[in-house]
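The values are calculated or read from the model by the stated rules, or taken from the named source; none is laboratory data. Everything numeric here is computed off the predicted structure, so don't read it as measured data. Every residue, glycine among them, receives a Cβ derived from its backbone with ideal geometry; neighbour counts consider all protein chains shown.
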Amino acid sequence: MSKLYKKIYFDILEEIKNGTLKTGDRIPSENELAEKFNVSRITTKRALDMLAQRNIIERYRGKGSYVSDINTATSNLTIEKENNLFLSNSKQELVGFIFPGFGSDYGSKLLDSVEKRCSKHNLAMVMKQTLGNPQLEEKAINSLVDLGVRGLILWPSPGKHYNNALLRLVIENYPLVLVDRYLTGIPSSAVCINNKMAAIELTNYMLEIGHKHIAYLTPPTGGTSSLEDRLMGFHVAMADKGVRIKPDTILQNIRSTLQGNSDINNRKLRIDENDRNEIKKLIQNNPEITAFITSEYLVAVLLYEVLVSLDKKVPEDYSIACFDTPTGIIDKPLFTHILQDEEKIGVNAVDLLIKHVQESDTPPIHSEVGFKVIKGRSTQSRSIKAIQ
């Protein structure tokens, strides 16, 4: 637990032990404690919730918190000597999972893995969906903290602007684990793949099958570590092979796939006409291009639909590779793609969260899980004749 609310927790215990607070006495409110200790209400609420869960105090909505029967409270103080204030085997604790949304290409296995791992550790998971909206993310964080969750697993919204609630959690050392991406400049634990290395391997695959001229499509990358690292990996792979990249063959402002413009669950896109025109322009101005890599599955879907509208065939005319894709039960998947180990991401995230809950001084840990390049029906070798 953070040192801030540990101090509040033990200060109140000490007042009960030395008789300053007696049975039935009112405990200062969350706001009063926040002012006294110069901390946020999140911190004071955590301390009071812990006291209430151990029957040391009783909390009444709208009335406040009061010292329980002094004999009950005193007997519970011996628990502190074990320095294990969380995750009792006899009581199911709450943890929160906040995510922007998921589709058939990525996210459902991660959610399932988190839930199963929580159940194994006698934890109940409470979910909140943000639709990639920072304001909804902040609201979700506050509501779950108010609910009394022991910690949070957060799949952050894209973008470079972090909401105040998230920054507060980091500053106060609240048990927090990020999944899918990390936050640049924010010291918090995270579980994800090595997106830079994954992009390098995917690009190398395209180069190895004969595609020298490759375009790259992505939504805005700023502030989203996974997208930034994938674009960096593409640049590194091309540079290592001595392939020059023309600036106009990288589109970094795809809007159609942003939250609100797409129906992820049904895999439907409302294509932004500017995206369509930019892709057409790229193709017209760069006839040497034979392949595309996209940073996300839905961008690959967008590209595929635009190519079909231009009477182009995949993979005969253009090969496409991306990150994540729905997996077919019988046939090979449509898109050659990076497959992330979602199950391992979920397992590691829960285990890491438990570690932060039980050991308050655990430093931020960056955990990387595996990935694979999966060959689909969207790529084929470029013949030597075609290259010439």
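Okay, residues lined up against (1) in the same structural domain as Ser188 (by TED's automatic domain parsing); (2) more than 23 Å from Tyr205 (Cα to Cα); (3) among the hydroxyl-bearing types (Ser, Thr, Tyr); (4) surrounded by fewer than 16 Cβ atoms within 10 Å (Cβ to Cβ):
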{"residue": "Asp275", "(1), (2), (3), (4)": "no, yes, no, no"}
{"residue": "Gln284", "(1), (2), (3), (4)": "no, yes, no, yes"}
{"residue": "Val299", "(1), (2), (3), (4)": "no, no, no, no"}
{"residue": "Gly346", "(1), (2), (3), (4)": "yes, yes, no, no"}
{"residue": "Ala349", "(1), (2), (3), (4)": "yes, yes, no, no"}
{"residue": "His356", "(1), (2), (3), (4)": "yes, yes, no, no"}
{"residue": "Glu359", "(1), (2), (3), (4)": "yes, yes, no, yes"}
Checklist outcome for this item: Among (1) assigned to a helix (DSSP H, G or I); (2) in contact with a strand residue (DSSP E or B) (Cβ under 7 Å, 6 or more places away or on another chain); (3) in contact (Cβ under 8 Å) with a residue 40 or more places away in the chain, Glu137 falls short only on (3)
Next on the checklist: Condition (residue is more than 29 Å from Ala34 (Cα to Cα), outside the structural domain of Met50 (by TED's automatic domain parsing) and touching a helix residue (DSSP H, G or I) at 6+ places or on another chain (Cβ under 7 Å)) applied to the range 160-178: is it met by at least one residue?
Outcome noted: no
Checklist entry - Mind checking which pairs have a first residue in the range 6-30 that is without any contact (Cβ under 8 Å) to a residue 12 or more places away in the chain and a second that is hydrophobic (A, V, I, L, M, F, W, C), Cβ under 7 Å, 6 or more apart or different chains? => result Glu15/Leu21
Checklist entry - Any chance the range 124-137 includes a residue that's crowded, with 22+ Cβ neighbours inside 10 Å and among the hydrophobic types (A, V, I, L, M, F, W, C)? => result no
Next on the checklist: Every residue in the range 217-237 that is crowded, with 22+ Cβ neighbours inside 10 Å and either within 24 Å of Glu316 (Cβ to Cβ) or more than 22 Å from the chain's Cα centre (by Cα) (or both), please.
Outcome noted: Leu217, Phe234, Ala237
Checklist entry - Has the range 59-79 got any residue that is at pLDDT below 65 and among the small types (Gly, Ala, Ser)? => result yes
Next on the checklist: So Val369 ticks every box in (1) touching a Pro at 6+ places or on another chain (Cβ under 7 Å); (2) surrounded by fewer than 20 Cβ atoms within 10 Å (Cβ to Cβ); (3) among the β-branched types (Val, Ile, Thr) but one. Which box is left unticked?
Outcome noted: (1)
Next on the checklist: If Glu288 satisfies all but one of (1) surrounded by 14 or more Cβ atoms within 10 Å (Cβ to Cβ); (2) touching a His at 6+ places or on another chain (Cβ under 7 Å), what's the number of the condition it fails?
Outcome noted: (1)
Next on the checklist: Just to confirm my filter: which strands (runs of 3 or more DSSP E) fall fully inside the range 287-388 and include at least 1 residues that are over 26 Å from Ser256 (Cα atoms)?
Outcome noted: 366-369, 371-374
Next on the checklist: With the structure loaded, tell me whether Arg181 is basic (Lys, Arg) and either in the same structural domain as Ala52 (by TED's automatic domain parsing) or farther than 27 Å from Asp112 by Cβ (or both) or whether it fails that test.
Outcome noted: no
Next on the checklist: I'd like to check something: does the range 28-47 contain any residue that is part of a loop (DSSP other than H, G, I, E, B), of a type outside the set (Ser, Thr, Tyr), surrounded by 15 or more Cβ atoms within 10 Å (Cβ to Cβ) and modelled with pLDDT of 90 or more?
Outcome noted: yes
Item to check | Whichever residue in the range 311-343 is hydrophobic (A, V, I, L, M, F, W, C) and in contact with a Lys or Arg (Cβ under 7 Å, 6 or more places away or on another chain) and, among such residues, is surrounded by the most Cβ atoms within 10 Å (Cβ to Cβ) | outcome: Phe323
Checklist entry - Only one of Val177, Val145, Val149, Val170 is over 13 Å from the mean Cα position of the chain (by Cα), outside any helix (DSSP H, G or I) and not charged (D, E, K, R); which? => result Val149
